[in-house]
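Only the coordinates and a few stated rules stand behind these numbers; no lab work does. Keep in mind the model is a prediction, meaning the values are calculated, not measured. Don't worry about glycine lacking a Cβ; one is built from the backbone with ideal geometry, like all the others, and counts go over all protein chains shown.
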Amino acid sequence: MSTTPSGPPPHFPHQPIRECHRARHLHGILPVIRRFKTGHASASNFRVLAIDTPVHSTDHTMESSHRATSWSERLDIGKGVRRRVSRREHALWRDDFRIQDPIDLLRASEQSRIHGLLPLRYERMSESPFMYMRGTAASMASDVGQCPLTQLFVQACGDCHIGNFGFFASPERRLLFDITDFDETLAASWEFDVKRLTANLVLLAREKSCSRADQREIVVATVRSYAVRLRSHVVMSPLDAWYASTDSDDFIRESPDEPIRRRRIAFVEKTRQRTGDHLVGKLVDATGTVARFRHDAPNIAPMPSDGRLKKDFETVLRRYPESLSPDRQQLLTRYRFADMALKSVGVSSVGTRCGIALYVSEGGDFLILQVKEAGPSVLESQALSKPNPHHGQRVVLGQRLMQSASDLFLGWAEDNDGHHYYVRQLRDMKTSLPPAELDGPMLPRVGQLCGQTLARAHAKGRDTVAVSGYIGNGKQLADAMASFASRYADRCEKDFERFTKAVRNGTLPAANG
């Protein structure tokens, strides 16, 4: 690809790295990390907890990681895992690895969804293999669980595809780029996220008519960026790693040329207008005495006034503020409830209980909250410990761990029937990457951006020294992941053909017409 960047991947943003006794372990990595001398800290400052894993784990490598406290010990533990699972083994995928049929998993998921919305879900999945993959997180989690795994745990996203990266406003009104969906988040081996992201990028590249060589180049760029950024974060102090972020200024600054820089500036300016107050006339009808949702807006439906679902949502909205900190509870009291509606979102979430609630301040300012059902994570079968029994709380805590900053109104609750939910703002400068950024020539840079964003999220949520020790400079792993992603994308295309046939013959419900 003519626009592929040469040399080491760009970093969003450049973060100062401490020069300390740990730096001598970074063979092949530090030359591509911008350094900043701050003097040598005492060794005791770097004795942090090892990989956060269940103490009852039966995996001896994990137990050793938990006992190790020094940075160099944990790095060596990661390197030692290579004897059990070589980095080249991550290239492996064969169809006989599969133990669960994707169609069966889709049918099983229907039991907990609103049946009237299932045709919409399958219609969206039928658009392309790329869109199909977005709706099959459970199938891929099952498949990756049968591949060689290091069992080096991170706080995983669980559904790490390109559509779940995007921009949103921080509480300080910075426009941040980060992972944006955490419905499946759970502590799990790091490979689940990296393999899902790379296979998804290959399917997107094929949709953009990229050659096989270009597809491989995109994955290599993504994985190398992940490895380099992960290593840079494990060298930082815990606080530096916690506060690291990528914002719109970084996004603009890393533009490869002037036309793209101008395009990104325009995109950022438009995104900053995506707030509740700018939904008047699109999602909200404010012409009457009381503001209401427009039910003719895309993907919006009126909430049945006398149904059980409405009562359940009212219960959730009444209980949810208890999960907020007192200052944010106080802020929420400055808005009054005005209306509620059903809203279908995304691909994999279609059919779950999802609604939106409209609040209005005394001055007529709008706040729109999304109420979204949370079910068991697709990674639960891979977990070594019992997950949080409240799935809404699991989503919220995972999001707070992984994101560089989270929504002011992020919280959780449950209804009287035991359904779990999480609540967040529907639209607060939230948007995905613009289509122009997903053109074929731009995909290596997109992969780099998402790879280093994922690394920052993994490093923020858990101690990832051993993971970085295992991966090293990322060259071997990148080659292996490129082979895996291509093979798994081939499998997804075959699955997509079976899926569309199942929709046509009525095995799966289809939309009328």
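Of the listed peptides 398-405, 387-394, what is their order by residue-averaged count of other C-beta atoms within 10 Å, with the highest listed first?
398-405, 387-394
What nm distance separates the two modelled labels at Ile265 and Leu105, each placed 7 Å from Cα along Cα→Cβ?
4.5
When only C-alpha pairs under 8 Å and at least 6 residues apart count, what is the relative contact order of the range 87-161, in percent?
The normalised contact order for the range 87-161 reaches 44 percent.
With each label point set 7 Å from Cα along the Cα-Cβ vector, what nm distance links Glu493 and Ser86?
2.9
So what J values fall out for the range 328-343 if you push phi through Karplus, 6.51 cos²θ - 1.76 cosθ + 1.60 with θ = phi - 60°, rounded to Hz, Gly and Pro as x?
Result, rounded to whole Hz: 7, 4, 5, 4, 5, 5, 7, 10, 10, 5, 10, 7, 8, 8, 8, 9.
What do the square roots of 5 times the Cα gyration tensor eigenvalues come to for the range 409-513, in whole Å, largest first, as semi-axes of the equivalent ellipsoid?
The equivalent ellipsoid of the range 409-513 has semi-axes of 31, 27, 18 Å.
Highest mean first, how do 485-498, 124-137, 157-170 rank when packing is the count of other Cβ atoms within 10 Å averaged over residues?
Result, highest mean first: 157-170, 124-137, 485-498.
Once the piece of chain linking Ser70 and Asn416 is laid out straight, how much longer is it, given 0.36 nm per residue of separation minus the C-alpha distance between them?
Once the chain is fully extended between Ser70 and Asn416, it gains 119.8 nm.
From the phi of every residue in the range 156-165, what ³J(HN,Hα) in whole Hz does the Karplus formula 6.51 cos²θ - 1.76 cosθ + 1.60 yield, where θ is phi - 60° and glycine or proline is x?
Going residue by residue, I get 8, 5, x, 9, 8, 10, 4, x, 9, 10 Hz, with x marking Gly and Pro.
Hey, can you rank 219-231, 425-437 by average C-beta count inside 10 Å, highest first?
219-231, 425-437
At Gln329 and Gln146, where each label point lies 7 Å from the Cα along Cα→Cβ, what is the point-to-point distance in nanometres?
4.9
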